[in-house]
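The values are calculated or read from the model by the stated rules, or taken from the named source; none is laboratory data. Keep in mind that this is a model prediction, so the values were computed, not measured. Every residue, glycine as well, gets a Cβ built from its backbone with ideal geometry; the counts of neighbours run over all protein chains shown.
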Amino acid sequence: MASKLIVVKVGTTGITTENGKLDDKQIENLANQISAATKKGFKIILVTSGAVAAGIDELGITPNPKDITFKQAAAATGQSVLMARYREAFRKHGLKVAQILLTAEDLSSRTAYVHTCNVISLLLKNGVVPIINENDVTSIDELRHNKFYKLNFSDNDILSVLVAGAICANFVVILSDIEGLYTTDPALEGAKLINRVETIGPELKKKLKGKNKRGRGGIQSKIKAAEIATSCGIPVIIANSRRENIILDLLAGKHKGTYFKPCKRLPAVKRWIAYCAAVKGTIRVNEGAKKAILEGSSLLPVGVTKVVGTFDEKDVVSLEDENHVEFARGNPNYDSNQLNLIKGMQVSDAQKKLGAKKPKEAVEHKSIHIVDEEK
């Protein structure tokens, strides 16, 4: 495989035993394969779950999965345990590791997003294996600022492909406790492994259900992750984490699991707008403006009918039609207060109101990402 920059994601079930304890043998197996691939010239980022499970075992108290504070405390305790195991496993191969804890908020800020990419690139350049996990201590829905504020990931399946898109990875491997995507529940008779997915349509997503016993991500989460990655031009394979030498086999071009064919890669800014950025508010537009945007034009103030929420210039906002349906997202050239002052105005009147130096476009087309309504 010519691809060199790889993101490997492993879930909780892939590095724990049936009784929920960390599986040292499996952690060593991952380290062995990643180390061997690194020596062959691949640069690999590992996105790992397992901190909560490690913390529950370390604390030695009865799990209370419905108590979010308990899960956060377990994550805080288990993260250091998990990293210590990885550090020891990679050290046997002369490799150093770096811990990176991320929240949706970290990737929703353009500045933080770019800095995260720079840190990962520097680590890889120096031969360090970045090990990424969601920061469960602070990554909760209650951190949203208001009802118009939407964040974009809730588990490590999604996080892994957002990281892959940010750093322009060549390939994503999602390691699961099953062989890949099946035609139906793999526990049912007649279920067949799907070797290749050309496109991820609504029918495929509707019929897939199920969650892992010890982790948050189920097959639906993995399909959503594959959808994001392939939209960014990155191929994805879902495979069984416990298959012998699975990572090395995949990197050698041996087909195992389910392969998802990539689409045309989105430009960097549009990838961030589409999948990473938090949506801070909404701009509602008339039918003429919607039609023009879908045909490739920018949004002018005259097409704006309503501004919902509070946002700053260059924050990401939803663009909604007159039926309150989101059809695009973008970076506005105005904050919500300014846009309220000029909504519905012609360009000349808007510039008289706010000053001629302001851009004529409320949102430029290069900063607009069209949302696929089927998704």
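Filtered by the rule that a residue be part of a helix (DSSP H, G or I) and among the aromatic types (F, W, Y), segment 290-340 gives no residues.
Comparison of N126, N135, N152 shows that the only residue that is surrounded by 13 or more Cβ atoms within 10 Å (Cβ to Cβ) and modelled with pLDDT of 80 or more is N135.
Criterion applied to T13, T38 was being part of a helix (DSSP H, G or I), under 23 Å from A164 (Cβ atoms) and in contact with a Gly (Cβ under 7 Å, 6 or more places away or on another chain), and the one residue passing it is T13.
Would it be correct to say that L107 is under 24 Å from the mean Cα position of the chain (by Cα) and buried (at least 21 other Cβ atoms within 10 Å of the Cβ)?
yes
No other residue among V236, V279 is at pLDDT 95 or above and β-branched (V, I, T) apart from V236. Quickly run through segment 16-35 and pick out the residues that are of a type outside the set (G, A, S), outside any helix (DSSP H, G or I) and touching a helix residue (DSSP H, G or I) at 6+ places or on another chain (Cβ under 7 Å). Across segment 16-35, the qualifying residues are T16, K21, L22.
G344 meets each of the listed conditions (1) modelled with pLDDT of 95 or more; (2) at negative phi apart from (2).
For segment 344-375, enumerate the residues that are in contact with a strand residue (DSSP E or B) (Cβ under 6 Å, 6 or more places away or on another chain) and surrounded by fewer than 18 Cβ atoms within 10 Å (Cβ to Cβ). If the condition is that a residue be in contact with a strand residue (DSSP E or B) (Cβ under 6 Å, 6 or more places away or on another chain) and surrounded by fewer than 18 Cβ atoms within 10 Å (Cβ to Cβ), then I370, V371 are the ones that fit.
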